[in-house]
Amino acid sequence: MKITERKFYPWLVVAMLAVVSLLNYLDRQMLATMRPYMMEDIEALRDVANFGRLMAIFLWVYALMSPLSGAIADRINRKWLIIFSLGVWSTVTLLMGYTYDIRTLYVLRGIMGISEAFYIPAALSLVADYHNGPTRSIAVGALTSGIYLGQAIGGFGATISAHASWQFTFHVFGLIGIAYALVLAVLLHEKKGHGAVGTADNAAPNTSARRQGLAMLVRHTAFWVMLFYFSALNLPGWVTKNWLPTMMCDTLDMSMDVVGPMWTVTLAMSSFAGVFFGGWLSDRWVKRTLRGRVFTSATGLAMIVPALLLILFSGNLGAILAGGIIFGIGFGMYDTNNMPIICQFFPSRSRATCYGIMNFTGIAAGALITEVLGYAMQGGYQTSVFAAMIVAVGASVLLEICVMRPHTVDMTDELLEARAIEEQA
């Protein structure tokens, strides 16, 4: 019996990709806490606007590549796409440890944005295909948990840099990623049937169906609602990752090697708990009502509003950490249900494409807020920016509850066609 046919293999896929998710976020995020150590050798990083641009360039490139990466993941072997992505961004991480020029850092962060963009849509759609039953949300949650572990460990980039060097930090994690890509080449396998275009006789219809995928997405109201709430939540999502350590240092007069791990671990571990709780709740709630996943996601979104008020306006360490816990749990509940909700509205051939476009709008929003907040902090009008984020998240909750009404747990091409015929009749 092939390993892919064994009962445990779908969960092995989740476990292997959870490690890749960890490396994905660790390599991109540890830079946020390493600035105080890097600017001793790279003077341009002393300018907070330059640092904001360095963080934002990754997000802009990542965002622009995401629609393409999702479309590609729906068409080719996702195993090799994931391995290629991991290998490239790990090599970039390694090279950043040899870089002392801000312009070279910009280029490397841009390349990292390109390579990392190919991972998430491919990984989520692969896990969703392996878990097409009642374990879908908890499986996606387990995959997503790696992201939050990576975010937590990334906070220790400052600690490692303080006790060794920032160069050593980049070198170690870059080499780990390159080695793990070799492990995946042996153990990871594509889901049977994915990306098949058939014989010469049926290649044209399949190609036609794929071309219709994007048109199907843009005609669906749920798709536009997903784009809105994904973008709205990425505004505070990236602020908490990219700017909160710096803001806490300035506000509370604390050292980055203390604040970095404290904040990232608080946010990441609460998100880690949130994805598992949200996955467990969603998989049970959807048995009672088809909107169970939507309600779980909306509950998580609603938790973000009071969390932001505590984080951004309390000025007290205990309240900020409490807000971080609420934020993380809510974000995790929301995050683990994005792909399962997509699966309720769109068939397999369009899911990575859908998530890729969502990633584009969400990460573009994150890139915009990362750069805008850098200038807002210099100009003293950051309170207005924070208020706008809170309003956007509140509007997202209302939209999701009022508009998102799925008709099935797992949309297929046959069900989609039946729905279209029913609507026309």
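Residue by residue, here is whether (1) touching a strand residue (DSSP E or B) at 6+ places or on another chain (Cβ under 8 Å); (2) more than 21 Å from ALA367 (Cβ to Cβ); (3) not aliphatic (A, V, I, L, M) holds:
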| residue | (1), (2), (3) |
| --- | --- |
| LYS79 | no, yes, yes |
| SER85 | no, no, yes |
| LEU95 | no, yes, no |
| ASP101 | no, yes, yes |
| PRO134 | no, yes, yes |
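Filtering the range 145-162 down to residues that are of a type in the set (S, T, N, Q) and farther than 14 Å from GLY328 by Cβ, which residue is surrounded by the fewest Cβ atoms within 10 Å (Cβ to Cβ)? Restricting to residues being of a type in the set (S, T, N, Q) and farther than 14 Å from GLY328 by Cβ, the top hit is THR159. Listed by first and then second residue, the pairs with beta-carbon distance under 8 Å, at least 6 apart or on different chains, first residue in the range 388-415 and closer than 18 Å to SER137 by Cβ, second open to solvent by 70 Å² or more (accessible area, probe 1.4 Å) and assigned to a loop (DSSP other than H, G, I, E, B), are ASP410/ASN132.
Across the range 74-101, the number of residues qualifying as more than 21 Å from VAL127 (Cα to Cα), modelled with pLDDT under 95 and open to solvent by 20 Å² or more (accessible area, probe 1.4 Å) comes to 3.
I'd like to know if the range 86-100 contains one or more residues that are under 20 Å from MET16 (Cα atoms) and touching a Ser or Thr at 6+ places or on another chain (Cβ under 7 Å).
yes
How many residues, within the range 1-23, are among the polar types (S, T, N, Q) and either without any contact (Cβ under 8 Å) to a residue 60 or more places away in the chain or touching a Lys or Arg at 6+ places or on another chain (Cβ under 8 Å) (or both)? Here the count works out to 1.
Against the definition (surrounded by 13 or more Cβ atoms within 10 Å (Cβ to Cβ) and modelled with pLDDT under 90), how does ALA365 come out, yes or no?
On the way: surrounded by 13 or more Cβ atoms within 10 Å (Cβ to Cβ): yes; modelled with pLDDT under 90: yes.
For ALA365, the condition - surrounded by 13 or more Cβ atoms within 10 Å (Cβ to Cβ) and modelled with pLDDT under 90 - is met.
In the range 26-42, how many are charged (D, E, K, R) and either outside any helix (DSSP H, G or I) or modelled with pLDDT of 90 or more (or both)? The total comes to 2.
Within the option set ALA71, ALA63, being at pLDDT below 90, of a type outside the set (Phe, Trp, Tyr) and open to solvent by 10 Å² or more (accessible area, probe 1.4 Å) holds for one residue only, ALA71. Restricting to the range 378-387, and then to whatever is open to solvent by 60 Å² or more (accessible area, probe 1.4 Å) and assigned to a helix (DSSP H, G or I), can you tell me which residue is nearest to THR240 (Cα to Cα)? In this case the residue turns out to be THR383.
The values are calculated or read from the model by the stated rules, or taken from the named source; none is laboratory data. What you see is a predicted model; the values in this text were computed from it and never measured. Here Cβ is always computed from backbone atoms with ideal geometry, including for glycine, and neighbour counts include all displayed protein chains. Each accessible area value is taken on the protein alone, full model and side chains, heavy atoms only, with ligands, DNA and RNA left out. Shrake-Rupley method; radii C 1.70, N 1.55, O 1.52, S 1.80 Å.
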